[in-house]
Amino acid sequence: MQKGNGRAIVIGGGGGIGGAICRTLAQQHHHVVVADFDEARARDVLATLEGDGHTIEVLDVTNEGSVAAAFERIETQGPARVLVIASGGPQVHLGQHADVATLARDAWDRTLALNLSGAFCCLQAFARQRTAKPLAHGRVILLGSTAGSVAGSGVDIAYSASKAALLGMARQAAFELAPAGLTVNVVAPGPVGTPEFFRNTSGAIRERIAAMTLAGRLATPEEVSASVAYVASAQADFVTGATLAINGGVHMA
Ligand SMILES: NC(=O)c1ccc[n+]([C@@H]2O[C@H](COP(=O)([O-])OP(=O)(O)OC[C@H]3O[C@@H](n4cnc5c(N)ncnc54)[C@H](O)[C@@H]3O)[C@@H](O)[C@H]2O)c1
């Protein structure tokens, strides 16, 4: 393994939460691959990372060929120990109030393609690499959401369904990948004050959502990235198939 904590691929690394995860992992001596659909966002995040040995990778998780090619390029540069998938999000604007009766089929398909099939595609590519060449303390960390466990947070049914499905996917993958030394976990945030979240919500919506937490506020991206860094660490070898809820008490399980 390379010096430090090894390589960590962060899919959606150009995003609000993904960017914070990249910065925290870099601070903790991982060599980070900032992997995103949006090259400019990935480069912006890359420029903020402490230390050296970080790279970017452009990929579209909804395109199997793009994912396969990206993972192959990454593996050639040096095998990664950690995979974080933070590339999802609602495809229906929170203010649109789409419900089960009104959600367009296309919105359902796009949401599942990004949040669930896209995550599966990355998980599968990584699983193939790490079962072929296992590394100590291998990790897969999926970004879930409180919306995968509770109703009424304001998001649409496709988003909730995709995030609930991630929980089952993580548990089954944890079971199947344990022999290869990989743990698979979900970090499930409640509302997080990312730039995208601010762009997609009005002040009134944000206040209503923040009031659902016991703290009466949104989480910071760093509160989420800290828990991802813990799961990525060697100290978390005994944590697998788990969901870490970072939600200010919106959902207590
Ligand atoms: N922000 C919140 O309040 C919140 C709450 C709970 C869960 N989450 C989850 O956390 C994760 C990150 O959310 P965020 O708020 O940082 O979102 P974000 O929109 O800021 O970041 C998502 C990133 O994914 C990238 N991306 C989008 N489509 C892609 C594709 N097809 N292929 C590759 N990359 C693609 C985007 O370019 C972007 O950089 C998501 O899974 C989201 O569902 C967010």
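The values are calculated or read from the model by the stated rules, or taken from the named source; none is laboratory data. As the structure is a prediction and not an experimental result, all values here were calculated from the model. Cβ atoms come from the backbone with ideal geometry, glycine included; neighbour counts cover every protein chain shown.
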Q. Within region 53-68, restricting attention to residues that are without any contact (Cβ under 8 Å) to a residue 40 or more places away in the chain and more than 12 Å from the ligand (Cβ to nearest atom), which residue is surrounded by the fewest Cβ atoms within 10 Å (Cβ to Cβ)?
A. Gly65
Q: May I ask you to say which residue of Asp44, Asp60, Asp36 is charged (D, E, K, R), at pLDDT 95 or above and farther than 24 Å from Val186 by Cα?
A: Asp44
Q. If you check Ile74 against the conditions, is it in contact with a Cys (Cβ under 9 Å, 6 or more places away or on another chain), modelled with pLDDT of 95 or more and within 16 Å of the ligand (Cβ to nearest atom)?
A. no
**Q.** Among residues of region 19-48, those that are farther than 15 Å from Tyr230 by Cα and of a type outside the set (A, V, I, L, M), counted
**A.** 10
(Q) Just to be sure before I move on: is Ala47 farther than 26 Å from Thr146 by Cα and not polar (S, T, N, Q) in the structure I sent? (A) yes
Q | Subset tally (residues that are surrounded by fewer than 18 Cβ atoms within 10 Å (Cβ to Cβ), more than 30 Å from Met252 (Cα to Cα), free of Cβ contacts under 8 Å to residues at least 60 places away in the same chain and of a type outside the set (S, T, N, Q)) for region 110-148 | A | 4
Q | Hits in region 77-100 - residues which are more than 10 Å from the ligand (Cβ to nearest atom) and either assigned to a strand (DSSP E or B) or modelled with pLDDT of 95 or more (or both) | A | Gln77, Gly78, Pro79, Ala80, Arg81, Val82, Leu83, Val100
Q) Has region 173-187 got any residue that is part of a loop (DSSP other than H, G, I, E, B), of a type in the set (Ser, Thr, Tyr) and either modelled with pLDDT under 95 or touching a Lys or Arg at 6+ places or on another chain (Cβ under 8 Å) (or both)? A) no
